[in-house]
Structure formats: C-alpha cells, structure tokens
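What follows is a short report on a single structure.
Quick note: the coordinates plus some simple rules give every number you see, no bench work behind them. Everything numeric here is computed off the predicted structure, so don't read it as measured data. Backbone-built Cβ (ideal geometry, glycine too); neighbour counts: all protein chains shown.
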Amino acid sequence: MHDTTSRGRAWHPAGARPSIPWVLLIAVLTMGSGMGNPGCGGDDSAASCAGGCEIQGAYVLRFDDTASPGPECEASGVVLPEGRTLTLARAGDGVSVTATLEGEDLTLTGSYFGGGLPSLDLVGRKELRGREQPPFTLRFDVAGLFSTAPRRASDEVTYWGTFRVTAEHTVEGQPRCSFERSFVATR
C-alpha cells in the first residue's frame, strides 16, 4: 500500500511548487544584476538612475606604473595621462555617461551600472592621419568600479580600473600603439 500523503499534505514532485522563501531569496540575489530589478543601468535605452548615481564631475587620474607607454605610442602622440582630469557628465537621470580626457581631442561614452559594485565602462575613438599613409584609429577604453554609489555630486568617491589604448586599422609602417595600465581616480 502506497501512501500519497505525508502528515496530511499532498505529495508533489520536486520543483513543482517552490516555497515562498526560496522565491524571495532568488529575487533578492538578482536585484541589480539585470536579471531582476535593473537598478541604475541595463540595456534598456529608457533606463534611469533613481539614487546613488551622482558620478558626474572631475576625476584626477593616477597610475601605478607611470613609465612611458613606449615608442609606438609616442609616435602616435599618446602619452600616459598621469595627473590629468577625466570629466564625467550624465544627462538628467539617465544611465548614459559622456566623458572627456584632459589633453585629448575625443569623447568617451558608456553606461553607468549601479548596485552592489557600481561600474562604468567608457569607449572612445580618435582618428589620426599621416602625411602619406591612410588614417588609423586609436581606441581608448576606460573600465572600472566606484568605491561607493554617490548620492550627491559633492560626495567624495574613488573610481579605479583599467585604462587601455589600442591602435586599430593600422597598415605597415604606422605605429601600433598598445598599452594597458591600472588607475585610481578621485573626485
């Protein structure tokens, strides 16, 4: 004789009915990850920041390794931006960020992702033209994390990560600048 009840409750196959605490745990763990609550950021073009998103302002860049990026980069006019200012701007309450780098004629763009570890990845390109060779592009990547999700534009905050410059679409004879350095920037 098989008993289909256990202590007065009907038997259900495993996974047929998740318990409420398990569902709540999954919801809490996925908040801000893009799997649940989008937080500040996400792929939605209408995404907005509700709080902890006041990252705009001027950040002074400092590098662990301040050596020259090398002769290929110097030939392209690229120098390490030690002590220069990275200025971030965010329009309205959106997650889109634009940035300028002191001493460089380029605009970097990216999206701010808030949550547990707020992050910002920026990309910009600068076209260089030689006298007798076709133009080539320098790609600037700035990717990092914030020490906190600032609630006011006056809050002190640190942004740290990786600064990378890479030459794209070069031909024989053009400098092939490529370097990557760790940075810390404070506002």
Next on the checklist: Give me the net charge for the shell around residue 184: Cβ to Cβ below 10 angstrom, other residues only, Lys and Arg +1, Asp and Glu -1.
Outcome noted: 0
Checklist entry - Using only Cα atoms, what Kirkwood radius does region 57-186 have, in angstroms? => result 15.5
Item to check | Sequence-separation-based contact order of region 69-187, relative, with Cα cut under 8 Å and 6+ spacing, percent | outcome: 20
Checklist entry - About its Cα centre, what dipole magnitude does region 57-186 give when the only charges are +1 on Lys and Arg Cβ and -1 on Asp and Glu Cβ, stated in debye to the nearest 20? => result 280
Next on the checklist: Test of understanding: ordering 136, 63 by Cβ neighbours within 10 Å, fewest first, what list do you get?
Outcome noted: 63, 136
Checklist entry - To the nearest Å, what is the center-to-center distance of region 71-88 and region 101-137, using C-alpha atoms only? => result 12
